[in-house]
Amino acid sequence: MRVFLAGVTAALVGAAGIVPFAYAGERPISFTNSPTEAAGDTPSGVTVAITKTMLNGSRVGSARVSPTDPQAPADEYLIPANAKADAGIVDRYEDFKVDVNGWADVAELTFTFSRPVRDPRLHVFGTGGVTEGPEGRRDDYWPGVDLVRGTPTMPTFTNAAGFPGFTVTDTSIVPDRVYRVASTTCGVVYTCGTVQVNGTITSFTIRLRARNVRTMGDAGVPHLWGAFKLSLYEDDSDAPASYGAASHAITDTFIGEDVTADNINTLSFVPRGLRQNTDTDDGLKPEDIQRLPDGATSYSLEVPVRSGSGADLAGWIDFDRDGRFEASERTDANVDAGAGKHTLTWNVPEAVGQGSTWMRLRIAATSGGVADSTGWADSGEVEDYQLALPRREAITPTTESSEAEPPVIAPPVVNPPRVVSARVVPSKANRPRREQPRTDRPRYEGRHRFEGRHRFEGRPGYEGRPRAERRRHEAHRHEGHRPGSGRPHADWPTPNRAAFERMRHDRAEARRARSEADARRHRGDTGARDDRRGSRRDRASALAAARRERAEATRARIRDMRERAADEAAKAEVTPEQSMPQPSWESTELKPLTAVEYGWHVATGERPDF
């Protein structure tokens, strides 16, 4: 409890009174707070006055200002998340009559705006209270907020963010349940969150109440903290950044049928724009914006507007397309209360840039809000549109000495494109001729062929071996590589491209087969092992059968030779042994076995006898 209150008090820099703040050259933002009233400004310039009415004998024991702090950390219970960056009030209400374990009214706060505003957001933070006494006595005061009335109509509540442990209805913010607690935080005794007050209003009133939960008896003087801040929705421009940003607080004055809020998730103290051409609630349709006629000296546009009271409408057209809205490009018109169409008319200058340009329309309750094309306005709306400009030529007057000469037509003033970078590329006719021969490719030596192996045919008159550079160059071409790149190139023409593709395909198939075998082995599948064993058995059987066939063929040839030798011996009346040719060991060298003899040896295991 003490830790939480210390955090709240530490945020209250300065005492009751005025806390001024200026940001980035904008108007100073100040807030004052006293026991009976408070007042301050929003970033857009809308003034908020707070009137305090005490109930049930209560009084304000402390009235402080929560100062503006752009560096305030984000709060998960508020929207915008940086809502604590804005100024607000923190009051301590005391001495109200306590209804033990019941509800008690504490105070009524009326918020009044200098302009009618649409759907203001009320930020509640650190509202609640605890009184601790001796001997374990303790009084917890759970807060409740009731929406009492509004002007000109009765608004309603909508929970925008936060309020853990509490329920938000159309007219109240109350705890889900109350109970004795050991420690406090947002959602436990204290409430934190953002509620939207629905409607276009000039004021609304809330009643602050306290629900007592007593432990061990009366703890002492009752008190309840009430901490509040306000933020308003805004409408922002969406032209390119060079034209500057314009922002308006959303009120009862706008262009077209309606206006929607922009940048609703963050709070800003300076005007800001949207991404180019991203606004979705343009009051004018593309067909309503006519192209500037050729040679026109004026341009008119009908603009539909709605205003709760009198307003001022202003427009700018960037005729010279220089990326800025200038005072000479501005026009304006007075707007009566209600809905209707109002005409804006511009005087077209002599020199007009050809092409697409930008137009900005602004409406506000006062002429000061639309005096410039940029900045804050406390009411109204801003809209940006694209407009097509024709070519318009300016005629330069002639002098007396050149009466006979035709008038000189000055070139049109056109916004030239920005040159980021440029380089001069000479034409082929002006390029210098190459004086030195190219040395990045080897001198022609002859023809290299790859037909299973490298063959070199030297040119006529060439002597010696091919240089290593040329051999490497031709080897790359043979493998389907771009010379000197070291990697294949599908578009490089080679005579052996088909062979190279087959080689790549075979290698890929081999890698795929190995991968499948590895996968089966890792899965514990023995199919691959059995396949290998079956393949070995099949090869062994085939080899044995081939050996048997060769041995049988050898035996058949030997039998034929013996039969022929026997026939010849019978005719010569000699024995077969004598008819066989006998080697002369003195004059004949030993010769190795022939293929037939070796086949016999392999088949029978013994050396043939011839």
Between PHE166 and residues 5 or more places away or on another chain, the pairs with built amide H atoms under 5 Å apart involve ASP176
Convert each backbone phi in the stretch 241-247 into a coupling constant with the Karplus relation 6.51 cos²θ - 1.76 cosθ + 1.60 (shift: θ = phi - 60°), then list the ³J(HN,Hα) values in order as whole Hz, x for Gly and Pro. 4, 5, 7, x, 9, 10, 9
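For the stretch 44-148, run through the GluC sites (Glu not before Pro) and keep only the ones in DSSP coil with at most 14 other Cβ atoms within 10 Å of their Cβ.
On the way: sites: GLU76, GLU94, GLU108, GLU132, GLU135; in loops: GLU76.
Hits after loop and neighbour filter: GLU76.
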Dividing the Cα radius of gyration by the Kirkwood radius, what Rg/Rh value follows for the stretch 97-190? 1.02
How large is the accessible surface of HIS342 in square angstrom, using a 1.4 angstrom probe and rounding to the nearest 10? 40
Please report, to two decimal places, log10 I(q)/I(0) for the stretch 117-157 at q = 0.33 Å⁻¹ as given by the Debye formula with identical point scatterers on the Cα atoms and no solvent. -1.19
³J(HN,Hα) across the stretch 259-268 via Karplus (A = 6.51, B = -1.76, C = 1.60, θ = phi - 60°), whole Hz, x for Gly/Pro? 9, 10, 7, 10, 6, 7, 9, 9, 9, 10
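Using the Kirkwood radius over Cα pairs, work out the Stokes-Einstein diffusion coefficient for the stretch 230-292 at 10 °C and 1.306 mPa s, in µm²/s as a whole number.
On the way: Rh = 12.9 Å.
Estimated diffusion coefficient is 123 µm²/s.
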Sorted from largest down, give the three principal axis spans of the alpha carbons of the stretch 266-354, whole angstrom values. 41, 31, 26
Whose amide H sits under 5 Å from the amide H of LEU292, counting only residues 5 or more places off or on another chain, with H placed in the peptide plane? ALA388
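I need the fraction of alpha carbon pairs in the stretch 278-327 separated by more than 16 Å, rounded to a whole percent.
Numbers: 747 of 1225 pairs.
For the stretch 278-327, the share of Cα pairs beyond 16 Å comes to 61 percent.
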For the stretch 173-268, the fraction of alpha-carbon pairs in successive 5 Å shells from zero, as %: 2, 7, 15, 16, 13, 10, 9, 8, 7, 5, 4, 2, 1, 0
Can you give me the % of accessible surface on the stretch 151-234 that is carbon or sulfur? Probe 1.4 Å, all protein chains present, nothing else counted. 51
What is the Rg over Rh value, at two decimals, for the stretch 62-143, using alpha-carbon atoms and the Kirkwood definition of Rh? 1.04
Whole-Hz Karplus ³J(HN,Hα) for the stretch 162-174, in order, using 6.51 cos²θ - 1.76 cosθ + 1.60 and θ = phi - 60°, x for Gly and Pro? x, 6, x, x, 10, 10, 10, 10, 5, 10, 7, 10, 9
Determine the relative contact order of the stretch 307-348: mean sequence separation of Cα pairs under 8 Å and six or more apart, normalised by residue count, in whole percent. 45
Just the number please: accessible area per residue for the stretch 127-230, 1.4 Å probe, all protein chains included, in Å². 36
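The values are calculated or read from the model by the stated rules, or taken from the named source; none is laboratory data. This one's a predicted model, so the numbers in the text were calculated from it and none came from an experiment. Glycine also receives a Cβ, built like all others from the backbone with ideal geometry; neighbour counts cover every protein chain displayed. Remember, those area values only see protein heavy atoms, side chains included, never the ligands or the DNA or RNA. Shrake-Rupley method; radii C 1.70, N 1.55, O 1.52, S 1.80 Å.
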